Amino acid sequence: MQTPTIILQNVCVTQYAKNVLNNISFMLQSNEHLEIVGESGSGKTVLAKAIAGQLFSKGNVQINYQNNMQAKVVFVEYTETYKNLSNVSDFYYQQRFNSCDAEDALTVKDELEKIQANELQVNNLLEQFNLLHRINAPLIQLSNGEQKKLQLVKALLQEPQILILDKAFTGLDSNSRKKLELLLNDLAKEGTTIILITDENNIPSFITHIAELNKGELIQFSQKENFKNHTTKNIAFNTGEIPAKQQQQSFQAIISMKNVAVKYGNKTILENINWQIKQGERWLLKGHNGAGKSTLLSLITGDNPQAYSNEIYLFDKKRGSGESIWDVKRKVGYVSPELHKYFDKAITIEQTVASGFFDTMGLYQSLNKEQKQILEQWIAFFGFSPIRYLSLSAVSTGEQRLALLARAFVKSPPLLVLDEPCQHLDEQHTQQVIQLVDAICSQTNTTLIYVSHYADEVPSSITNVFELTNGLQNIYKKEEIKAA
């Protein structure tokens, strides 16, 4: 197959009255493959969309293909919002954990039938990504990692000449990342031009060129072997002055689960779960995509109604003994890929952080004097002052994630539940967040549950590991951690 040539000449993009890309020019020859890197907010996703023709840009984006034919370009966003059977996108965050509401969702099979691909090819890809057993599952009940796999399957079934992937490896467990790299390597050999947005520490072998962006400027376009990382290594957070507060309340156990089981119809998600977390303990929750991690966390964060049919104690009180969901949420600071996906992107950075005081997906109450003071401290700590009044939709996904992290920290809760907190962050911000989590743990008696598929993103304060494998548990010490 002849591969396309991609030529960019003085490409500029303006969004929200701000220059996001400035005079980007480069050429990607036939049989070359590109990785786009840069700090959060540097314009990586915007550049990818400009190449894919998904947004208006000035300058020229030229794709030359065989015999003047138009090359088929497929762009895979970092996340996808699915529509319900009424063909409207009105799913809500907790819907995944309400089995009756899932009846309004398409299944994996329904979604793939839209592509009209060969059934053997469909089943082969589903098998490769360990999704074949989920073919009749409602889309809303897929885990974050499983939804990412489905995005990839849909893209590959379209047999593109140019495949552009925004954070394709994000959210995948270790085995799935390896399988995806092998699959992309085969595609590259067969003639598909591949463009990735990822970080410079994980460059697949088939990549030939790297484009580095900084504040909308192309500061480097080079062959992979000549690439020199220009990312600044200055740590912006001053972890000696974190606004987090010591916990005044004492609890015998933050969490106690006894023989917990979660089922949806005939499918068992969790079985015979026994877990006790004492105050001040720091746990890593790990497991493969679809293992049941998010379901387990939903029992803790008050988002899953099956908590009431199980023996679960949170903060020394049995679920269902009279406390409200808001009583539970008041003691938990939480961030997750799902929360990020369904969060209101129309509110500002400041409102996002402030909403953490009330555990809402928007800001509907006024802050008191003390809350305003704490808010200002966290705004300053994260360096949000220049963007505090911008909506989430007007900033990068990395900046959105930082705002949601600040939202989790702002009320200094007894329990922090950080589900893949570094997802969408660049290397520098990832290290800053890990240091911040360690500082909170060392300076306060905050209890921590932390989820990550990357061993190098696990804070040093973690001492215990709770691992799920197909809904079954295994508990061990941090020293025995293996990549998940």
Given (1) under 30 Å from Leu142 (Cα atoms); (2) open to solvent by 50 Å² or more (accessible area, probe 1.4 Å), Lys372 misses just (1)
Screening Leu404, Leu390 for residues that are touching a strand residue (DSSP E or B) at 6+ places or on another chain (Cβ under 7 Å), open to solvent by 50 Å² or more (accessible area, probe 1.4 Å) and of a type outside the set (Val, Ile, Thr) leaves only Leu390
Filtering region 21-43 down to residues that are open to solvent by 30 Å² or more (accessible area, probe 1.4 Å) and closer than 20 Å to Gln428 by Cβ yields Glu39, Gly41
Check on Val437, open to solvent by less than 10 Å² (accessible area, probe 1.4 Å), without any contact (Cβ under 8 Å) to a residue 60 or more places away in the chain and under 26 Å from Phe315 (Cα atoms) = yes
Looking at Val410, is it of a type in the set (A, V, I, L, M) and over 25 Å from Leu314 (Cβ atoms)?
no
Taking region 271-291 and keeping only residues that are within 21 Å of Thr447 (Cβ to Cβ) and either buried (at least 21 other Cβ atoms within 10 Å of the Cβ) or among the aromatic types (Phe, Trp, Tyr) (or both), one is left with Ile273, Trp275, Ile277, Arg282, Trp283, Leu284, Leu285, Lys286, Gly287
Within region 104-123, residues closer than 16 Å to Glu146 by Cα and either free of Cβ contacts under 8 Å to residues at least 24 places away in the same chain or open to solvent by 20 Å² or more (accessible area, probe 1.4 Å) (or both) come out as Leu106, Thr107, Lys109, Asp110, Asn123
By residue number, the members of region 124-141 that are open to solvent by less than 50 Å² (accessible area, probe 1.4 Å) and either modelled with pLDDT of 95 or more or hydrophobic (A, V, I, L, M, F, W, C) (or both) are Leu125, Leu126, Phe129, Leu131, Ile135, Ala137, Leu139, Ile140
Within region 207-229, the count of residues that are in a loop (DSSP other than H, G, I, E, B) and out of contact with any strand residue (DSSP E or B) (no Cβ under 6 Å at 6 or more places or on another chain) comes to 4
Here the qualifying pairs (Cβ atoms under 6 Å; residues six or more apart or on different chains; first in region 404-417 and over 18 Å from Pro459 (Cα atoms); second aromatic (Phe, Trp, Tyr) and open to solvent by 10 Å² or more (accessible area, probe 1.4 Å)) come out as Lys411/Phe357
Here is a check on your reading of the model: is Val13 surrounded by 22 or more Cβ atoms within 10 Å (Cβ to Cβ) and not in a helix (DSSP H, G or I)? no
Worksheet entry | Any chance Lys228 is under 27 Å from Asn31 (Cβ atoms), at pLDDT below 95 and not hydrophobic (A, V, I, L, M, F, W, C) | yes
Matching residues in region 313-355 (among the β-branched types (Val, Ile, Thr), in contact (Cβ under 8 Å) with a residue 40 or more places away in the chain and surrounded by fewer than 22 Cβ atoms within 10 Å (Cβ to Cβ)) number 2
Taking first residues from region 21-46 that are more than 18 Å from Ala168 (Cβ to Cβ) and second residues anywhere that are among the polar types (S, T, N, Q) and in a helix (DSSP H, G or I), the pairs with Cβ under 9 Å that are 6 or more apart or on different chains are Glu39/Gln428
Scanning region 47-74 for residues that are charged (D, E, K, R) and free of Cβ contacts under 8 Å to residues at least 60 places away in the same chain, the one surrounded by the most Cβ atoms within 10 Å (Cβ to Cβ) turns out to be Lys49
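The values are calculated or read from the model by the stated rules, or taken from the named source; none is laboratory data. Computed from a predicted structure; not experimentally measured. Glycine gets a Cβ as well: all are built from the backbone with ideal geometry, and neighbour counts include every protein chain shown. Just the protein is used for accessible areas: all its heavy atoms, side chains included, with ligands, DNA and RNA removed. Shrake-Rupley method; radii C 1.70, N 1.55, O 1.52, S 1.80 Å.
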